[in-house]
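Student: Take a look at the following structure, please.
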Amino acid sequence: MSKAARPKGRENADILIVNAKELLTLAGAQAGARTGKQMRELGIIRDGAVAIREGRIVGVGTTKEMQRLFRAGYVMNAQGKTVLPGFVDPHTHLVFAGSRENEFQMRVEGASNMEISDSGSGVLTTVRDTRRARVETLVELGLERLDAMLTHGTTTAEAKSGYGLTTNDELKILEATKRLNQLHSVNVVSTLMGANVVPPEFNGNPDGYVDLVVGEMIPKVAAKGLAEFCDVFCERGGFSLAQAKRVLGKGKAAGLKPKVHADQSGRLGGAEVAADVEAVSAEHLIFSSAQGIKAMAAKGVVAVLLPAVAFSMMTGRFADARAMIDGGVPVALGTGFDSNCWNENQQLVIAMACHFMRMTPAEAITAATINAAYAVNRAGEVGSLELGKRADVLVLSVPNHKFLGYRFGVNLVDKVIKNGRLAVDREKQDEPIFLSKTE
Ligand SMILES: [Zn+2]
């Protein structure tokens, strides 16, 4: 139909979501990741509507406005429900083989880390199992996990390597990650974390292993274009401040943006390192110092907090989210999904952030959407419902945003729209439909 012949007034849309009790746009006046009081501003539109065409958001406003502007092939009634951007999970170790439930039981029963490693359990069991696995197996396992994420509303997820610890095994994990991004509708952001653990072959010689990471792993991964970020486990028993700087410096020179696992089990100064190297994000931060927090705020480093990991460690200690938010650090939330913290659900993470770190539901939602998008360099594409962004939209079966965190332990997702297509409809079926990006 020519432009002139088209009935005047209304544009076409593929999907029009209408009547949302609360539409959380997360559209903000502030450029960059949200800090301080702006983390509480969700850009709420009551009786809200979103228009979607060809995988993109083409209209956001009240139902009345959007119905005046658009005529849609499919009108989705979100009456009594909350509509918001898909969750972004900025920290996962998505690809690994095996599991650690025996170790979990030992920890519940009070075993020490020493007893656990003496029993042959611990992170190195995952390294062993992952080294043995073929890339196809890793892809299959990854697909199941991405299914679980999408069902719970995560539409973009970061994935770190780090259970291979040889150049070939790290490449294998990153190859699996690349295929997962191609096969699954969830967008996967790839991070090289060769410096996750000192492997048994380099026991007592972490510098020797760092030589391998900077001399071989980073150049090969960068040459193959298999990662966008480079991360390092900067902890006592992991990699020192100097080693972390070496890894991140080399990564940066090779075009990999820095991220840091910092101050998870002690105050080593990882937050300061993150600020020093101008990392995109620093993660965990349970023991970070006031100076570290100040330095991160000054450099705009996003704090990726992982309350589910702290929970799974059973130490009862969580990052000081209040000090970070009040100190001007943009805070994001991630699952920290890995072989020790097996949780794919960002809704649970939001509940934990509210209960254990005293973040308000609004702050936690900002942290799991727009700020998480900044933590993985995707804020131009996702994290808010704004014109031109990718149509990754959640419909939750609760009437307002304060139910996130308040109602927990069940899946609040009613529908997930991924790339402008209905990917999960829990009203219609038990099993979600997973649409590949190429469809
Ligand atoms: Zn991690």
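Student: Say we join alpha carbon atoms closer than 10 Å with springs in a Gaussian network model of the chain; which of Lys257, Lys402, Lys389 then has the biggest fluctuation?
Tutor: In this elastic network of the chain, the residue with the biggest mean-square fluctuation among Lys257, Lys402, Lys389 is Lys402.
Student: A follow-up question, please. Lys/Arg Cβ at +1, Asp/Glu Cβ at -1, dipole of region 67-152 taken about the Cα centre: which of Leu84, Val127, Leu143 is farthest positive-ward?
Tutor: Of Leu84, Val127, Leu143, it is Leu84.
Student: Continuing with the same structure: With +1 assigned to the C-beta of every Lys and Arg and -1 to the C-beta of every Asp and Glu, and no other charges, what is the dipole magnitude of region 79-165 about the Cα centre in debye, to the nearest 20?
Tutor: 200 debye
Student: Next question, about the same structure. Quick one: of the DSSP bridges fully inside the chain, what percent are antiparallel, nearest 5?
Tutor: If I count the DSSP bridges inside the chain, around 40 percent turn out antiparallel.
Student: Please tell me the relative contact order of the chain in percent, rounded to the nearest whole number, where contacts are Cα pairs under 8 Å and at least six residues apart.
Tutor: Relative contact order for the chain comes out at 20 percent.
Student: Counting Lys and Arg as +1 and Asp and Glu as -1, each charge on the Cβ, what is the dipole of region 174-305 about the Cα centre in debye, to the nearest 20?
Tutor: My answer is approximately 280 debye.
Student: What is the percent carbon and sulfur in the accessible area of region 58-217, measuring with a 1.4 Å probe over the protein chains and ignoring ligands?
Tutor: Its accessible area is 49 percent carbon and sulfur atoms.
Student: If you build a Gaussian network model of the chain, linking Cα atoms that sit under 10 Å apart, which residue out of Ala372, Ala33, Ala223 swings the most?
Tutor: Ala223
Student: Could you provide, to the nearest whole Å², the per residue accessible area of region 151-260 with probe 1.4 Å?
Tutor: Per residue, region 151-260 has an accessible area of 33 Å².
Student: Starting from the Cα of Arg71, step 7 Å along the direction of its Cβ; do the same at Ala31; then give the gap between the two resulting points in nm.
Tutor: Placing both labels 7 Å beyond Cα along the Cβ direction yields 4.0 nm.
Student: Within region 350-379, list the residues whose amide N lies under 13 Å from a label point set 7 Å along Cα→Cβ of Asn411.
Tutor: none
Student: When only alpha-carbon atoms count, how far does region 1-109 stretch along each of its three principal axes, as whole angstroms with the largest first?
Tutor: Result, largest extent first: 71, 36, 29 Å.
Student: Pick out, from Met314, Ala20, His184, the residue whose Cα sits farthest towards the positive end of the charge dipole of the chain, with +1 on the Cβ of Lys and Arg and -1 on the Cβ of Asp and Glu.
Tutor: Positive-most Cα among the choices belongs to Ala20.
Student: Carbon-plus-sulfur fraction of the accessible area of region 243-357, 1.4 Å probe, in percent?
Tutor: Details: 2000 of 3710 Å².
Answer for region 243-357: carbon and sulfur cover 54 percent of the accessible area.
Student: Additional query: Which residue fluctuates the most in the chain, going by a Gaussian network model with Cα springs under 10 Å, if the choices are Gln38, Gln30, Gln182?
Tutor: Comparing Gln38, Gln30, Gln182 in the GNM, the peak value goes to Gln30.
Student: Same structure, new question: Report, in debye and to the nearest 20, how large the dipole of the chain comes out about its Cα centre when Lys and Arg carry +1 and Asp and Glu carry -1 on their Cβ.
Tutor: 1720 debye
Student: For the chain, state what percent of all Cα-Cα pairs lands in each successive 20 Å bin, counting from 0 Å until the bin that includes the largest distance.
Tutor: Histogramming the chain at 20 Å steps yields 27, 56, 16, 1 percent.
Student: Given a Förster distance of 30 angstrom, what is the FRET efficiency for Gln182 paired with Ala298, based on the Cβ-Cβ distance and rounded to 0.05?
Tutor: 0.20
Student: Taking the Cα centre of each part, how many Å lie between region 94-142 and region 277-339?
Tutor: Centre-to-centre distance over Cα atoms comes out at 25 Å.
Student: Follow-up question, since we're still on this one. Using only the Cα atoms of region 66-222, build the gyration tensor, take square roots of its eigenvalues as a ≥ b ≥ c, and label the shape rounded, prolate or oblate: rounded if a/c is under 1.5, else prolate if a/b is larger than b/c, else oblate.
Tutor: Since a/c reaches 1.5 and a/b is larger than b/c, the shape of region 66-222 is classed as prolate.
The values are calculated or read from the model by the stated rules, or taken from the named source; none is laboratory data. Computed from a predicted structure; not experimentally measured. Glycine gets a Cβ as well: all are built from the backbone with ideal geometry, and neighbour counts include every protein chain shown. All accessible areas refer to the heavy atoms of the entire protein, side chains included, with ligands and DNA or RNA removed. Shrake-Rupley method; radii C 1.70, N 1.55, O 1.52, S 1.80 Å.
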